[in-house]
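What follows is one structure encoded as structure tokens, with my remarks underneath.
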Amino acid sequence: MPYYIRLMKMEDTALVSEIDREAFPTMKMPTNFENELNNCLAHYIVACDKKGSGNTNIIGVGGLWILVGEAHIVNIAVQPEYRRQGIGELLLISLIELALEFNCSLITLEVRASNNIAQNLYLKYGFTVRGFRRGYYTDNREDATVMTVDSINKALFSELYIRLKKEYYIKNGCSKIQLSTSL
């Protein structure tokens, strides 16, 4: 099991900030992860690569906010050398797990209008395009595509999600997801 997911800790913030800046280099206001970890609405996870020497390396980050029974994915970022290896999908699966754990009814997010790779992943998991936010991104005024998946606690989504998660584990090996939260 080369990769695993766990909740982000305060001592992870320096490495996570580097990944965030590398993934979103032109954003004017980088995320303050120290503040986010003290925010009761925010929940962050990290993807780790377990090295042979027993050391672990943080290779990705994902975050969501829980607001009145709704989950809003605020970011998914993976180090460049680990992209296109399923880490982003593993982070998405884990964020969906968190949303289910918090009994959310829906998940929403914004994604760059030009980011077709991410949009295709979200579409695969049942997200639909709900609209656009014109000039949403502060770095270049690019539009955001708003995507949502409704009724994540209903049978239709559950069947899709369970099938996709099983397919992911078969293809990539069963990664460990450790998301114990204090509800």
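The values are calculated or read from the model by the stated rules, or taken from the named source; none is laboratory data. Just so it is clear, the model here is predicted, and its values are computed rather than measured. Every residue, glycine as well, gets a Cβ built from its backbone with ideal geometry; the counts of neighbours run over all protein chains shown.
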The one condition in (1) in a loop (DSSP other than H, G, I, E, B); (2) surrounded by 12 or more Cβ atoms within 10 Å (Cβ to Cβ); (3) modelled with pLDDT of 75 or more that T31 fails to fulfil
(3)
Flagged in the range 117-165 as under 22 Å from V78 (Cα atoms), exposed (fewer than 13 other Cβ atoms within 10 Å of the Cβ) and without any contact (Cβ under 8 Å) to a residue 24 or more places away in the chain, in numbering order, are I117, N120
Top-ranked residue of the range 66-96 - restricted to ones that are farther than 25 Å from R21 by Cβ and surrounded by fewer than 16 Cβ atoms within 10 Å (Cβ to Cβ), ranked as farthest from the chain's Cα centre (by Cα):
V68
Restricting the first residue to the range 77-98 and requiring it to be in a helix (DSSP H, G or I), which pairs with a second residue that is of a type in the set (D, E, K, R) and crowded, with 16+ Cβ neighbours inside 10 Å meet a Cβ separation below 8 Å and a spacing of at least six or different chains?
Y82/D49; I93/K165
Somewhere in the range 131-144, is a residue under 21 Å from Y44 (Cβ atoms) and within 15 Å of the chain's Cα centre (by Cα)?
no
